[in-house]
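Working notes, structure below.
The values are calculated or read from the model by the stated rules, or taken from the named source; none is laboratory data. Keep in mind that what you see is a predicted model, and the values were worked out from it rather than measured. Methodologically, a virtual Cβ is constructed for each residue, glycine included, from the backbone with ideal geometry; neighbour enumeration extends over all protein chains shown. These area figures cover heavy atoms from the full protein model, side chains too; ligands, DNA and RNA do not enter into them. Shrake-Rupley method; radii C 1.70, N 1.55, O 1.52, S 1.80 Å.
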Amino acid sequence: MIKTAALQRNLLLITTTSILLTACNGSSVEVNVKPAWLGAISKIEYDGKTDDLLTAGLGKTGLAGAPPFIADPAKPTAAELRRSTIYNNYRALLDMTEAGGYGSLYGPNVNAAGIITSDEGKIAGTEYLAYSDDGSGTQNITLMVQIPANFDTKNACIITATSSGSRGVYGAISTGEWGLKRGCAVAYTDKGTGSAAHDLSNDTVPLIDGTRTTAAAAGKTAAFRAPLSTNELAAFNNATPNRFAFKHAHSQQNAEKDWGKFTLQAVEFALYVLNERYGQTLFDGQHERLLKADNTLVIASSISNGGGAALAAAEQDTTGLIDGVAVSEPSIELPLIPTVSIKRGNTAISLFGKTLVDFTTYANLYQPCAALSSQLAGTPGAAYVIPAFASNRCNSLKAKGLLTATTTASQADEALQKLKEYGWEGESDVLHPSLAAFEVASAVSVTFANSLSRSSVKDNLCGYSFASTDANGAINGLPAASLAQMFATGNGVPPASGVQLVNNNNPTGPIRDLFSVSPSTNLADLNLDGALCLRNLIAGTDSTALRLQTGVNETRRSGNLRGKPAIIVHGRADALLPVNHTSRPYYALNKLAEGSSSKLSYIEVTNAQHFDTFIGLPSILPGYDSRYIPLHVYLNRALDAVYEHLKNEKALPASQIVRTIARGGNPGAAPAITSANVPPILTVPASSNQISFSANTITIPD
């Protein structure tokens with residue numbers, strides 16, 4: 001389907017990405033021109049047998065099996081790191097158990113039509129890597145394009161797969177899978193985040209392929225180097241040895257404000273390498289710009305932070321690169337004062353539309369105490385909550401006047417109620433213990449507070465730093481193999497890959513945050529002082545707080561998707577990115593911004609939450625399997641729907657609640673999922689399931 005508006009915008013595109021040559025017969029040929037921000041490009045062909053684009057040669061069976069072999073764990077090769085990275089990132093986003101749907105509802109062996117095959121799902125093709133940078137080497141946003149061998153220029157399509165969370169460039173490989181199966185090129189970017197750190201004590205850094213070298217040797221080719229002078233680095237190491245700087249937290253660039261820009265650049269990179277590959281060679285060795293906005297279908301997609309980046313890209317797309325959007329559980333920042341309302345059934349939601357750093361720092365305060373509520377006894381992860389530390393958190397909150405109840409039990413109930421009043425749906429209640437036990441809110445709070453305030457690693461914002469620790473929480477040196485493989489095993493947000501959150505303000509010296517004592521309470525209360533410091537940045541008036549607030553304002557989106565057909569799917573039980581702070585108000589904002597031009601559908605899925613991978617850990621987190629279905633199924637269906645709309649003009653589904661059926665059974669031993677558990681998204685849902693917008697209000701059925 002040809003883009004109707006793109007033809008009018010082609011002249012603009014020509015001025016920035018191509019030039020015109022006049023042939024002898026008087027006709028004009030557009031020349032493919034490399035974007036000025038695009039660095040050196042590497043290119044590797046994969047045969048689809050020994051190695052491939054989707055599974056790194058592991059196939060469906062290997063992805064579900066043991067970690068891939070690395071000959072020298074302390075010195076992995078680039079190829080070994082790539083294989084391990086794909087293995088770990090694929091598994092980090094999906095339930096890999098057969099009972100949970102891997103191999104039947106999704107997976108490399110399930111083809112584009114949804115048919116289960118005996119094939120291992122390996123996909124031959126070419127992979128391109130490059131940085132987006134201004135030449136200084138201070139930004140070095142990683143871009144990657146995968147072109148399957150069966151790419152058809154007459155049916156050209158590109159799918160974006162911006163990394164989820166703070167992950168590296170392969171951090172949305174499970175989204176890219178959808179595009180590769182359909183012969184589409186996939187445009188990836190790490191969006192200025194990434195899993196590998198700058199080891200400050202030894203001054204080593206990661207390169208674009210994940211291998212490591214000294215900062216001096218890397219120079220401008222480092223994927224990330226903390227912006228410290230030689231003297232600053234020496235002083236920092238002397239005061240706080242064995243620390244790490246991570247790109248998302250410590251680049252001092254507030255990358256989130258440009259996530260949309262980087263996603264659009266990934267599309268431009270894809271078009272450039274496609275034209276270098278398929279455009280006819282001209283007399284001077286240049287190539288024709290065969291594929292462009294008006295003849296290439298582009299769908300922006302991904303999950304979580306990557307989903308938010310896709311929405312931001314669609315909002316910022318002034319040249320018509322993107323045709324449609326299909327995202328899952330997006331993190332998206334709303335305007336300061338959203339002029340919309342939310343109702344669930346007949347009940348108005350009183351508080352909604354807060355930014356991620358706002359509601360996450362709130363969760364960081366109250367989740368550890370709420371995890372002790374008797375209402376949550378026996379829920380997934382409750383067994384990992386350390387009662388003494390959580391009880392101390394409750395008592396310290398009471399002492400600070402942030403809770404009023406007088407017993408630990410009643411304080412835990414009060415903390416749980418506070419979370420509900422701050423926008424979490426009741427369906428999220430059972431997830432608070434596992435998120436508290438895994439330090440999710442503290443990790444995200446620290447990372448985003450640093451990033452949004454453009455804080456340097458040497459600032460030790462709110463007393464936090466990142467380091468390896470021993471079993472007692474004391475700082476030690478990270479094993480060489482852990483550092484060497486961090487590109488593959490990390491998620492960009494410690495705790496990860498052996499690196500922990502550290503409380504530098506612990507009275508007896510720096511120690512792992514989990515075990516630390518708050519100076520103001522003299523209790524091991526999970527560092528309430530640090531949590532309060534982070535929380536106070538949201539509305540504080542000191543210079544750091546003002547920087548953070550400025551950074552937040554730079555990330556707020558408009559809701560204007562420029563009339564692009566789009567689908568958002570989100571799990572109602574999401575406790576990391578609550579629907580009341582993300583997809584619900586964004587849907588309403590879009591309807592307000594675009595009016596009758598809006599083509600956004602919002603699909604809210606019951607019995608679905610943020611971490612599909614947790615469902616696949618029945619021995620560790622029993623109860624996720626019996627309670628939740630994989631939301632990934634609905635991202636794939638949203639992509640199907642947007643693709644069919646763009647290619648064949650099939651109507652998009654109306655906004656709706658999809659009422660799934662939990663697998664049930666015994667926690668940790670739930671029966672195998674079937675198609676009956678995950679009913680389809682209907683083009684026209686029953687009236688009782690319809691999501692509506694009227695008088696600036698989105699109404700969600702109970």
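Values computed for the structure shown
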quantity	calculated
Residue in the stretch 228-241 that is part of a loop (DSSP other than H, G, I, E, B), modelled with pLDDT of 95 or more and in contact with a strand residue (DSSP E or B) (Cβ under 7 Å, 6 or more places away or on another chain) present	yes
Given (1) in a loop (DSSP other than H, G, I, E, B); (2) within 29 Å of G664 (Cβ to Cβ); (3) open to solvent by 60 Å² or more (accessible area, probe 1.4 Å); (4) not acidic (D, E), number of the condition T406 does not satisfy	(2)
Among (1) assigned to a helix (DSSP H, G or I); (2) among the aliphatic types (A, V, I, L, M); (3) open to solvent by 20 Å² or more (accessible area, probe 1.4 Å); (4) in contact (Cβ under 8 Å) with a residue 40 or more places away in the chain - the single one A588 does not satisfy	(3)
Complete set of residues in the stretch 221-241 that are touching a helix residue (DSSP H, G or I) at 6+ places or on another chain (Cβ under 8 Å) and open to solvent by less than 30 Å² (accessible area, probe 1.4 Å)	A222, A223, F224, A226, L228, F236
Residues of the stretch 548-562 that turn out to be in contact with a Lys or Arg (Cβ under 6 Å, 6 or more places away or on another chain) and either open to solvent by 70 Å² or more (accessible area, probe 1.4 Å) or closer than 16 Å to N460 by Cα (or both), as a count	1
Tally, over the stretch 670-702, of residues that are touching a residue at least 60 places away in the same chain (Cβ under 8 Å), farther than 26 Å from G595 by Cβ and under 29 Å from the mean Cα position of the chain (by Cα)	6
Residue count for the stretch 242-271, restricted to those that are of a type outside the set (A, V, I, L, M, F, W, C), more than 16 Å from the chain's Cα centre (by Cα) and either under 30 Å from P494 (Cβ atoms) or open to solvent by less than 30 Å² (accessible area, probe 1.4 Å) (or both)	7
Residue within the stretch 342-351 that is loosely packed, with under 14 Cβ neighbours inside 10 Å, touching a residue at least 12 places away in the same chain (Cβ under 8 Å) and of a type in the set (S, T, N, Q) present	yes
Options G492, G509, G530: the member that is modelled with pLDDT of 95 or more, assigned to a loop (DSSP other than H, G, I, E, B) and either under 26 Å from N305 (Cβ atoms) or touching a strand residue (DSSP E or B) at 6+ places or on another chain (Cβ under 7 Å) (or both)	G492
Complete set of residues in the stretch 242-280 that are of a type in the set (G, A, S), over 22 Å from F224 (Cα atoms) and part of a helix (DSSP H, G or I)	A270
Residues satisfying the stated conditions in the stretch 48-77, i.e. of a type in the set (G, A, S) and either open to solvent by 40 Å² or more (accessible area, probe 1.4 Å) or more than 25 Å from the chain's Cα centre (by Cα) (or both)	G48, A64, A66, A71, A74
Failed condition for G210, given (1) open to solvent by 10 Å² or more (accessible area, probe 1.4 Å); (2) under 27 Å from A56 (Cα atoms); (3) touching a helix residue (DSSP H, G or I) at 6+ places or on another chain (Cβ under 8 Å)	(1)
Candidate set from the stretch 181-207 (those that are aliphatic (A, V, I, L, M) and under 20 Å from A130 (Cα atoms)); member that is surrounded by the fewest Cβ atoms within 10 Å (Cβ to Cβ)	L207
Candidates A654, A593, filtered to the one that is hydrophobic (A, V, I, L, M, F, W, C), closer than 29 Å to I337 by Cβ and part of a loop (DSSP other than H, G, I, E, B)	A654
Scope the stretch 387-402; condition under 14 Å from S520 (Cα atoms) and either open to solvent by less than 10 Å² (accessible area, probe 1.4 Å) or not in a helix (DSSP H, G or I) (or both); matching residues	R393, S396, L397, K400, G401
